[in-house]
Every structure is written in structure tokens, then in C-alpha cells.
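Contents: one structure, followed by commentary.
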């Protein structure tokens, strides 16, 4: 198994429950320095109370968490307890370089810690290691600072600066609301007008959102995140940001200049010291390239969790299972299919 975030730990738990023993029957490889998955790298101002839904791992609830504590601390400690409670024995830091064909129908997993031969692979590498940086004319000429959400450390570093935030998702709005009290000026830019969601996000709405993402994955298209199809929750913080003009969305600029960004129609320019790209992440699956799983549409076609092009490979935390609750379900489904594969039984349709 590659990856020990929410999806990876869930799958490891279900492997143990069905009789597989860590180290004897499976290994969990993780490139991060410690437990916590991508959560350990989140910025300190993202407190646990601001997290958009954190579903507990199977078999152990996350209780009595202080909403004022950084989510990185809360969830890292929780994942650490989970690994120790279930004896999952994650090997880290281990960097997986490539997964290719081995002998006798096995997969060969080449890593910084040696090579493994396996009959099946659960890939749970998520997206954090693959931030998406759009390219725009003039980007290389900008004399200020450019950073991605992955490198965001908190709002204080933007004190007195003019900041352009690019991106219409949850991270973009959170960054803007945090930075605005410190910055000299902020400008919010998105490719599409943001969609704000009124009312509770119930189970039916969740299923509909997951279905939209799942359809893309079935067609072999790059998955969109579940969050991207649900819209932004219209909570008190968002309402304040709209009323105060912080969330005054502008269309995407046409180019970047040495000292800012500019639009053609109507012609205008905004000075900037910083461009913060809150433009999301892409699936970190480059190590699977030797298996040639990608479809012409650019994504990996998946049925349930298994790659259609190679049923030995299961992707959890990918596409519809990228949410925390989806990751738990995907871990269980992947283990069920792997048991069938190893037993020579037909896979579920």
C-alpha cells in the first residue's frame, strides 16, 4: 500500500480486520516524515473548527477535539494514535519511485527503501504532493512573490502587501478572509463565478455530488474534487466577507505583469506584491505511469476503486473517494475486491 493518509489507514484497517497481517501480508509505505497524511502540512490558522467535515477513521472516533487548535495538530495526533492502536506499522519516510510489471504477473514497486513484489497494490497517495499551478502570459516576469496553497503558512506574512488570491474554492475564500485584515489590499480572482450554497449539506446532496465526480472517473477523465461540485457554504464568515467587500470576485485576468495583473476588457491593471494560487491539486499518481493506466481523456478510469486497465491496482482517495467519508468506504471496497482477486473469485460488477 502506498500512502498513509485517511484512505490508506482506512484500507490498512480493513486489511487487518479480514485477517491480513502487517509486514507479513502487506506493507504500508508513506513518504511523509510522520503520521497525519496531508493534514500535517496544513497552515496553523486552519483550526479544527474550520475544517469542512472530518469523518472519523473506521474503528476509532475522534472525540473531544478542541476546535480552536490547529487541524494539523489535532488530526496528526489522531492518526498517530490510530496507527499505534491497530498496529499498522507504517514505514516512513519511503518514496515510491515507480510501479511497473514484475515477474509471474506481479507488480514491482521501486522505492527509496528497496523494491517490493506484490500481487496487488492499493494506491492512496492523495493530491497534496501535486499542487496545480496554472500558467498565464507574463507569469515569469512577475517581480513579487508567487506561492500556492501548499506553501501558505498563515496571514501574518502578508502584512502591508497587496495580494491577489486566485481560486474560487474553500481554500481561496479562507485565505482571503484571513489575509484581508493584514494586507494593504486584496483582490479575488476566479475563472468561474463562485456558487454559494444555502442551507445544510445533507446526505442526499452529498450522494449527488459524489455521483458527479464518479461519472467523470468512469469516463477516464481527470477527477474533480467532491468539494468543487458542492459549492461554497454560505456561513457567517462568508456573509461577512461578502458584506465587507473582501469577497468581491473579479473575472480571471488575461496576463501577469512585472508589478501586478491586468485585464483586456475592460482594460485595467491591479498592482500586486503577491499572487497566491489557491487553485487546487491533482492526483499524485506519476509513479504509476509505467503501467499506462491513463485514458485518452487524461484520467484513470476506475470502477469502484479498481483501475479498469489493471484490476491489480486500486485507487482510494481518488475522485469520488477523495472526501474523508468516501476514503473510508473506498478502503473497505478495495479490500473486498483484493480478497476476491487473491482467491481467484469473480470481481463485483
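The numbers here are math on the coordinates, done by the rules we state, and not lab data. Remember, it's a predicted structure, so these values are computed and weren't measured experimentally. Reconstructed Cβ throughout: ideal geometry from the backbone, glycine too, with neighbour counts over all protein chains shown.
Structure above, values below:
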{"quantity": "Contact order normalised by residue count of the range 1-126, Cα under 8 Å, 6+ apart, percent", "calculated": "33 percent"}
{"quantity": "Listed residues 51, 335, 213, most fluctuating in the chain (Gaussian network, C-alpha, under 10 Å)", "calculated": "51"}
{"quantity": "DSSP beta bridge pairing in the chain, given as percent antiparallel to the nearest 5", "calculated": "50 percent"}
{"quantity": "Surface/4 of the Cα convex hull for the range 45-108, nm²", "calculated": "6.9 nm²"}
{"quantity": "Shape category assigned to the range 1-129 from the gyration tensor of Cα positions, a/c cut at 1.5", "calculated": "prolate"}
{"quantity": "The chain: calculated mean residue ellipticity at 222 nm from DSSP helix runs of at least 4, using -39500 (n - 2.57)", "calculated": "-7500 deg cm²/dmol"}
{"quantity": "Cα-based equivalent ellipsoid, the range 289-349: semi-axes from gyration tensor eigenvalues, Å", "calculated": "18, 17, 8"}
{"quantity": "Alpha-carbon spread of the range 106-171, three principal axes, descending order, Å", "calculated": "55, 27, 25"}
{"quantity": "Gyration tensor verdict on the range 217-349 (Cα atoms; rounded if a/c is under 1.5, prolate if a/b is larger than b/c, oblate otherwise)", "calculated": "prolate"}
{"quantity": "Zone residues, the range 267-299, relative to residue 140, backbone N less than 17 Å from point 7 Å out along Cα-to-Cβ", "calculated": "none"}
{"quantity": "When the range 75-116 is reduced to its Cα atoms, the Kirkwood hydrodynamic radius in Å", "calculated": "12.3 Å"}
{"quantity": "Spatial extent of the range 139-185: Rg and Dmax, with the Cα atoms as the point set, Å", "calculated": "10.6, 29"}
{"quantity": "Cβ-Cβ FRET estimate between residue 103 and residue 55, R0 fixed at 51 Å, reported to 0.05", "calculated": "0.80"}
{"quantity": "Over the chain, relative contact order from alpha-carbon pairs under 8 Å, at least 6 apart, %", "calculated": "23 percent"}
{"quantity": "Distance cut-off 18 Å, percentage of C-alpha pairs in the range 1-50 lying past it", "calculated": "40 percent"}
{"quantity": "Share of Cα-Cα pairs in the range 240-288 lying beyond 19 Å, as whole percent", "calculated": "49 percent"}
{"quantity": "Base-10 log of normalised Debye intensity for the range 228-268 (one unit scatterer per alpha-carbon) at q = 0.26 Å⁻¹", "calculated": "-0.86"}
{"quantity": "Compactness of the chain - radius of gyration and Dmax, Cα, Å", "calculated": "21.3, 65"}
{"quantity": "Isotropically averaged projected area of the range 61-210, using the convex hull of Cα atoms (one quarter of hull area), nm²", "calculated": "15.0 nm²"}
{"quantity": "Inter-label distance, nm, simple model (7 Å from Cα along the C-beta direction), residue 308/residue 23", "calculated": "4.1 nm"}
